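Peer 1: Here it is, the structure, as structure tokens.
The values are calculated or read from the model by the stated rules, or taken from the named source; none is laboratory data. Since this is a predicted model, take the numbers as computed values, not measurements. Every residue, glycine as well, gets a Cβ built from its backbone with ideal geometry; the counts of neighbours run over all protein chains shown. Calculation scope for accessible area: heavy atoms of the full protein, side chains included, ligands and nucleic acids excluded. Shrake-Rupley method; radii C 1.70, N 1.55, O 1.52, S 1.80 Å.
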Amino acid sequence: MDLMADPVCAYNLPDALKVGYVLDELGYYWYENPISDYDLDGLAYLSSKLRSPLAVGEQNYVGFPALRDYLKSGVGFYVRSLGEYAGGLSHVLKSAHAAEVFGVNYEIHSYGPPFNLAMYLNVALAVPNCEFAEVIVPETVLSMGMADVPRVNKDGYLEAPKNPGLGYRIDRDAINLTMKVF
């Protein structure tokens with residue numbers, strides 16, 4: 001099983017380096033957002049000192065223009081982003097293609113409703129440089145209002161959607177019932 005750590009930009013540089021050394025010893029797959037996504041010098045320093053690749057960009061609310069700086073800097077082996085904060089589905093697709101040009105994987109961050117995951121899963125299936133999809137397990141209140149949701153199969157994979165559009169159906173009756181309750 002591949003393990004990844006995501007402290008969500010919680011560390012300062014010295015603490016991030018200490019934790020990174022431990023992750024290196026344990027053979028972690030990646031070290032995600034150890035420090036601020038805006039600290040490119042700090043990320044470059046970490047990247048030069050650690051064997052575990054960095055995954056960066058999740059907390060980048062600037063969007064596509066900031067991606068250029070990540071890719072030019074050579075920081076991180078994986079680039080991530082939240083499309084809902086940084087430009088939507090078009091941003092995600094453009095970012096994946098830009099990362100591909102630099103030989104970098106673009107791993108989509110999607111903590112939130114299954115409808116967001118459905119959007120990103122369609123992009124992930126359309127590009128060659130995306131290996132992972134982030135999904136909440138077990139399903140939570142965030143799944144409310146969906147007739148079906150992306151699910152992890154017994155082998156640990158998300159299957160491609162089979163329905164038209166984004167591939168997952170909205171349960172409009174459940175949404176209407178929820179609206180009446182509130």
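Peer 1: Restricting to region 1-37, what's the tally of residues that are assigned to a strand (DSSP E or B) and small (G, A, S)?
Peer 2: Result for region 1-37: 1.
Peer 1: Are there any pairs, at least 6 apart or on different chains, whose C-beta atoms fall under 7 Å, with the first in region 123-147 and closer than 22 Å to D2 by Cβ and assigned to a strand (DSSP E or B) and the second open to solvent by 30 Å² or more (accessible area, probe 1.4 Å) and of a type outside the set (D, E), and if so, which?
Peer 2: A133/L158
Peer 1: State yes or no: is V92 surrounded by 19 or more Cβ atoms within 10 Å (Cβ to Cβ) and either of a type in the set (F, W, Y) or within 29 Å of Y38 (Cα to Cα) (or both)?
Peer 2: Against the criterion (surrounded by 19 or more Cβ atoms within 10 Å (Cβ to Cβ) and either of a type in the set (F, W, Y) or within 29 Å of Y38 (Cα to Cα) (or both)), V92 qualifies.
Peer 1: Turning to a different aspect of this structure: Which residues, taken from region 101-114, are at pLDDT below 80, over 9 Å from the mean Cα position of the chain (by Cα) and crowded, with 18+ Cβ neighbours inside 10 Å?
Peer 2: P113, P114
Peer 1: Specify the residue that is farthest from A126 (Cα to Cα); the eligible residues are those in region 67-111 that are among the hydrophobic types (A, V, I, L, M, F, W, C) and part of a loop (DSSP other than H, G, I, E, B).
Peer 2: Only one residue tops the list, namely V75.
Peer 1: Which condition does V141 not pass, out of (1) modelled with pLDDT under 80; (2) under 15 Å from the mean Cα position of the chain (by Cα); (3) open to solvent by 20 Å² or more (accessible area, probe 1.4 Å), if it passes all the others?
Peer 2: (2)
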